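A short worksheet on the structure shown next.
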Amino acid sequence: MDSCILVEQKDGIGYLTLNRPEQRNPLSVTMMTELTEALRAFGADGAVATVVIRAEGKVFSAGHDLSELVDRTLDDERAIFGVCTELMETIQRIPQPVLASVQGPAVAAGCQLVATCDLAVAAPRAVFGTPGVKIGLFCSTPMVAVSRAIGRKRAMQLLLTGATIDAETAADWGLINEVVAADALAERTAELAAAIANASSSTLRIGKQAFYQQIDLPQAAAYEQMGEVMATNAMTCDAQEGMHAFLEKRPPVWQGR
């Protein structure tokens, strides 16, 4: 069977493309496993500065493959959602920033995937939602990422009604970063990825890890831990180089350490 995803690398950007457009790019166990493995491979590749997750066809992802969830044992169900959790945690665990480039609807676990990525850009025809309540399967795992992205009340609105929101609303709510014309989506995504890639790879790694470390901590604990992170960051070669370059009014030369 052909791979569920396309993997390519160009100009320091790793691209992962969901490639089951006829089935609306469902997050089957196979697709989720392939995504996780590819993300780990990019994560270990020093030549990759950023990663983009995108999709073929009209739909970004319709969520889990429901055919895998019917007539299964409890252990089967646990295993499937365990694979999903591992994918989402891998996105935030690898050192490179991960961008979602959303050309069409992203619902249920597809919405979770977008919410989990570090940044997201969408075309106007994209819509977002967690419609599981309509089929008796509450979107409890998507809720984890979505509620952290848009807050309690807005997340509950999506979860309890199963309704979708358009791309402009998603941007306003903080689920995605921006909306761009469909014919400019690929260019804008690459532009954003390239802008991030201009930074020191070691600084990006430190910053991404620190962000997720502090985001759910009480303020006092966050300041205590991030003060230590920033102090140790300041001692790195790239931080010293960057500060010297700024003071000397010249471009920095990163070493990745």
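The values are calculated or read from the model by the stated rules, or taken from the named source; none is laboratory data. Since this is a predicted model, take the numbers as computed values, not measurements. So basically every Cβ, Gly included, is an ideal-geometry build from the backbone, and we count neighbours across all protein chains shown.
Looking at the stretch 164-176, is at least one residue touching a Lys or Arg at 6+ places or on another chain (Cβ under 6 Å) and part of a helix (DSSP H, G or I)? The answer is yes, given that some residue of the stretch 164-176 is touching a Lys or Arg at 6+ places or on another chain (Cβ under 6 Å) and part of a helix (DSSP H, G or I).
Being assigned to a strand (DSSP E or B) and closer than 16 Å to Ser201 by Cβ is the filter here, so list the residues in the stretch 5-24 that pass it. Result: Gln9, Ile13, Gly14.
Scanning the stretch 150-160 turns up no residue that is within 29 Å of Glu56 (Cβ to Cβ), out of contact with any Asp or Glu (no Cβ under 9 Å at 6 or more places or on another chain), among the polar types (S, T, N, Q) and assigned by TED's automatic domain parsing to the domain that holds Ala49. The set of residues from the stretch 209-252 being loosely packed, with under 10 Cβ neighbours inside 10 Å and of a type in the set (Val, Ile, Thr) comprises just one member, Ile215. Do we have Ser101 as of a type in the set (Ser, Thr, Tyr) and within 16 Å of the chain's Cα centre (by Cα) here? The answer is yes for Ser101. Here Ile196 clears all of (1) of a type in the set (Val, Ile, Thr); (2) assigned to a loop (DSSP other than H, G, I, E, B); (3) at pLDDT below 95 except the condition numbered (2). Checking every residue in the stretch 182-193 against the condition of being free of Cβ contacts under 8 Å to residues at least 60 places away in the same chain, surrounded by 15 or more Cβ atoms within 10 Å (Cβ to Cβ) and among the hydrophobic types (A, V, I, L, M, F, W, C) gives zero matches. Give the residues of the stretch 206-257 that are outside any helix (DSSP H, G or I) and among the aromatic types (Phe, Trp, Tyr), sorted by residue number. Hit for the stretch 206-257 is Trp254, nothing else.
Might you let me know whether the stretch 53-72 holds any residue that is in contact (Cβ under 8 Å) with a residue 12 or more places away in the chain, among the hydroxyl-bearing types (Ser, Thr, Tyr), surrounded by 14 or more Cβ atoms within 10 Å (Cβ to Cβ) and not in a loop (DSSP other than H, G, I, E, B)? For the stretch 53-72, residues in contact (Cβ under 8 Å) with a residue 12 or more places away in the chain, among the hydroxyl-bearing types (Ser, Thr, Tyr), surrounded by 14 or more Cβ atoms within 10 Å (Cβ to Cβ) and not in a loop (DSSP other than H, G, I, E, B): present.
When you scan the stretch 25-37, do you find a residue that is among the hydroxyl-bearing types (Ser, Thr, Tyr) and in a loop (DSSP other than H, G, I, E, B), even just one? Lay out the reasoning, then the answer.
As a first pass, look at the stretch 25-37 and keep what is among the hydroxyl-bearing types (Ser, Thr, Tyr): 28, 30, 33, 36.
Filter again for in a loop (DSSP other than H, G, I, E, B), leaving 28.
The answer is yes, given that some residue of the stretch 25-37 is among the hydroxyl-bearing types (Ser, Thr, Tyr) and in a loop (DSSP other than H, G, I, E, B).
Can you tell me which residues in the stretch 73-111 are part of a helix (DSSP H, G or I), closer than 30 Å to Val180 by Cβ and of a type outside the set (Lys, Arg)? Break it down stepwise before answering.
Looking only at the stretch 73-111, we keep the residues that are part of a helix (DSSP H, G or I), and these are 74-93, 109-111.
If we keep only those that are closer than 30 Å to Val180 by Cβ as well, we get 84, 87-93, 109-111.
If the condition is that a residue be part of a helix (DSSP H, G or I), closer than 30 Å to Val180 by Cβ and of a type outside the set (Lys, Arg), then Cys84, Leu87, Met88, Glu89, Thr90, Ile91, Gln92, Ala109, Gly110, Cys111 are the ones that fit.
Sort out which residues of the stretch 112-129 are part of a helix (DSSP H, G or I) and out of contact with any helix residue (DSSP H, G or I) (no Cβ under 6 Å at 6 or more places or on another chain), and write them in order of number.
Within the stretch 112-129, the first condition is being part of a helix (DSSP H, G or I), and the residues that meet it are 112-116.
The answer is Leu113, Val114.
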